[in-house]
1. Would a scan of the stretch 83-101 turn up a residue that is acidic (Asp, Glu), over 17 Å from the mean Cα position of the chain (by Cα) and under 30 Å from Ser40 (Cα atoms)?
2. Considering Thr66, Thr92, which residue is at pLDDT below 90 and either closer than 30 Å to Ser32 by Cα or in contact with a Phe, Trp or Tyr (Cβ under 6 Å, 6 or more places away or on another chain) (or both)?
3. Give just the number: which of (1) more than 18 Å from the chain's Cα centre (by Cα); (2) farther than 21 Å from Gln23 by Cα; (3) of a type in the set (S, T, N, Q); (4) surrounded by 13 or more Cβ atoms within 10 Å (Cβ to Cβ) does Thr66 not satisfy?
4. Can you find a residue that is among the small types (Gly, Ala, Ser), in a helix (DSSP H, G or I), within 18 Å of the chain's Cα centre (by Cα) and closer than 23 Å to Leu10 by Cβ anywhere in the stretch 118-128?
5. Among all residue pairs at least 6 apart or on different chains, which show Cβ distances below 6 Å where the first residue, located in the stretch 118-138, is closer than 12 Å to Phe4 by Cβ and the second is small (Gly, Ala, Ser)?
6. Given the residues Ala97, Ala30, which is the only one that is surrounded by 12 or more Cβ atoms within 10 Å (Cβ to Cβ) and of a type outside the set (Ser, Thr, Tyr)?
7. Any residue at all in the stretch 96-116 that's over 17 Å from Asn27 (Cα atoms), in contact (Cβ under 8 Å) with a residue 40 or more places away in the chain and either in contact with a helix residue (DSSP H, G or I) (Cβ under 6 Å, 6 or more places away or on another chain) or among the β-branched types (Val, Ile, Thr) (or both)?
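The values are calculated or read from the model by the stated rules, or taken from the named source; none is laboratory data. Here the structure is a predicted model, which is why all the values come from computation and not from measurement. For neighbour counting, all protein chains shown are included, and Cβ atoms are generated from backbone atoms with ideal geometry for every residue, glycine included.
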Amino acid sequence: MNSFTRSIDLLQREMDVTSLRYQVTANNLANSEVPNFKRSTVNFESELKRALDSEKEAKNAFHLTTTDSRHIQVNVPYDYRDVQPRRVLDYTTTAKANGNNVDAETEANNILQIQMQYRMLTQLTSFEFDQVNTAMKK
């Protein structure tokens with residue numbers, strides 16, 4: 001996979017995660033007064049970093065040849081395309097007397113941050129394609 005394809009794939013995946021994050025945060029905000037409602041977050045970047053780091057480590061690692069599919073493989077990188085976003089329920093905290101742990105102001109700020117992040121991702125995607133267009137014109 002070339003660097004352009006990989007960059008676009010990563011940007012597209014991050015845009016999908018950002019969209020999911022927006023939905024989860026909007027759901028948190030909508031349920032900010034529901035008794036015993038627990039807020040959720042989306043975890044993706046830490047697992048993606050782990051997958052990308054495993055690719056780097058596998059390049060420099062000791063490789064064993066396997067002649068059978070049942071053999072144990074060592075230092076096999078974790079493919080970043082297999083990483084999926086996970087919704088994480090925060091059930092350990094309680095911010096209000098009714099058992100709800102959603103702070104409406106924090107969630108509203110999160111929505112603004114998510115919107116800015118999505119806008120930045122679209123600009124980065126546009127920049128990647130502009131670079132290709134520039135290269136093709138020359």
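1. yes
2. Working: Thr66 fails: either closer than 30 Å to Ser32 by Cα or in contact with a Phe, Trp or Tyr (Cβ under 6 Å, 6 or more places away or on another chain) (or both).
Sole residue among the options that is at pLDDT below 90 and either closer than 30 Å to Ser32 by Cα or in contact with a Phe, Trp or Tyr (Cβ under 6 Å, 6 or more places away or on another chain) (or both): Thr92.
3. (4)
4. Taking the stretch 118-128 first, the residues among the small types (Gly, Ala, Ser) are 126.
After this cut, where a residue has to be in a helix (DSSP H, G or I) as well, the list is 126.
Within this subset, residues satisfying the condition of being within 18 Å of the chain's Cα centre (by Cα) are none.
No, because not a single residue in the stretch 118-128 is among the small types (Gly, Ala, Ser), in a helix (DSSP H, G or I), within 18 Å of the chain's Cα centre (by Cα) and closer than 23 Å to Leu10 by Cβ.
5. Glu128/Ser7
6. Ala30
7. Checking the stretch 96-116: not a single residue is over 17 Å from Asn27 (Cα atoms), in contact (Cβ under 8 Å) with a residue 40 or more places away in the chain and either in contact with a helix residue (DSSP H, G or I) (Cβ under 6 Å, 6 or more places away or on another chain) or among the β-branched types (Val, Ile, Thr) (or both).
Quick grid of which residues meet (1) of a type outside the set (A, V, I, L, M); (2) in a loop (DSSP other than H, G, I, E, B); (3) touching a residue at least 24 places away in the same chain (Cβ under 8 Å):
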site	(1), (2), (3)
Ser7	yes, no, yes
Asn36	yes, yes, yes
Arg50	yes, no, yes
Thr67	yes, yes, no
Pro77	yes, yes, yes
Val88	no, no, yes
